[in-house]
Amino acid sequence: MSTILLVDDETQILEILTSYLQKDGYHVLTTMTGESAIQIADSAAVDCIILDLMLPDVSGEEVCRRIRKHSRVPILMLTAKSQEADRIHGLEIGADDYLIKPFSPRELVARVRAVMRRAGDYSALSDEFAAGQLIISIRDKTIRKNNIALDVTPNEYRLLTTLARHPGRTWSRDELVREVLGYDFEGYDRTIDTHVKNLRQKIEDDPKQPVYIKTIYGLGYRFDVPVKK
């Protein structure tokens, strides 16, 4: 039985979502504060976190940042903010998906299944593979360059892993949104551009002349394995 940590300061939301998640077969831990959420995430074996952004003590964004310092557990953010910039920010600091209030509890359960399935898909791959100077560890969910660990977000990790597992294949932005981010809001295909830009800053010697992640104009992106000289 997978364990879900549900973080929200509204008692009614906690009760409703707990009921739906339990009916779907999950064990649910609940808390109403950010500090408590961080403590539980540090001490308990949690498989997914549902995290409201508006908490009374520590903001959801800060909770996400602090958890991401040591954990790759899937995080689904809940928020009343509907602006695209807010949603992109949440994804960039480490959220795996984003759900805007009000929402259907059934949709939330479906999204929990999706983020956990994607996390499971990546863990089922081979433990480690190399591409040029990069080493991607599936077991540890880390990326190293020249044997130095890179500080990447979960979405950046999934994006690079998706591309690197299929070198030479051109992916459209829509395909990468579905494969990596797993949400279907209109206009979000350009979010991939931001993740690619951030990844290039971390993995390329010269981000303006990328060796690994190539832009295929009018189509999308492709991963190339550098040829050894």
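The values are calculated or read from the model by the stated rules, or taken from the named source; none is laboratory data. Please read all numbers here as calculations on a predicted model, not as lab measurements. So basically every Cβ, Gly included, is an ideal-geometry build from the backbone, and we count neighbours across all protein chains shown. Just the protein is used for accessible areas: all its heavy atoms, side chains included, with ligands, DNA and RNA removed. Shrake-Rupley method; radii C 1.70, N 1.55, O 1.52, S 1.80 Å.
Starting from the Cα of Glu10, step 7 Å toward the Cβ, then list every residue of segment 16-57 with an amide N under 16 Å from that point.
Within reach of a label on Glu10: 16-20, 31-33, 50-56.
What distance in nm separates the two pseudo spin-label positions at Glu204 and Arg65, each 7 Å out from Cα along the beta-carbon direction?
2.7
Set the bar at 19 Å for Cα to Cα. Now go through Lys145/Lys202; Lys141/Lys202; Lys145/Lys197 and name every pair that lies beyond it.
From the list (Lys145/Lys202; Lys141/Lys202; Lys145/Lys197), the Cα-Cα distance tops 19 Å for no pair.
What percentage of all Cα-Cα pairs in segment 1-90 are separated by more than 15 Å?
56
State to the nearest 20 debye the size of the charge dipole of the chain about its Cα centre, where the only charges are +1 on K and R beta carbons and -1 on D and E beta carbons.
1080
Solvent-accessible area per residue for the chain at a 1.4 Å probe radius, Å²?
Roughly 49 Å² per residue, with all protein chains present.
Can you give the FRET efficiency for Ala130 and Leu219, using 1/(1 + (r/R0)^6), R0 = 22 Å, r = Cβ-Cβ distance, to the nearest 0.05?
Step by step, r from the Cβ atoms, then E = 0.25.
Of the heavy-atom accessible surface of the chain (probe 1.4 angstrom), what whole percent is carbon and sulfur?
Carbon and sulfur: 48 percent of the exposed surface of the chain.
Looking only at chymotrypsin sites (Phe, Trp or Tyr not before Pro) in DSSP loops with at most 15 other Cβ atoms within 10 Å, what is the longest site-free stretch of the chain?
1-102
Quick check of the Kirkwood formula: for the chain, what is the inverse mean of 1/r over all pairs of different Cα atoms, in Å?
After inverting the mean inverse Cα-Cα distance, the result is 18.3 Å.
Once you place label points 7 Å from the Cα toward the Cβ at Asp42 and Arg144, how far apart are they in nm?
In this crude spin-label approximation the distance works out to 2.7 nm.
Order these peptides, 2-8, 36-42, 173-179, by their mean beta-carbon neighbour count within 10 angstrom, highest first.
Output ranking for 2-8, 36-42, 173-179: 2-8, 36-42, 173-179.
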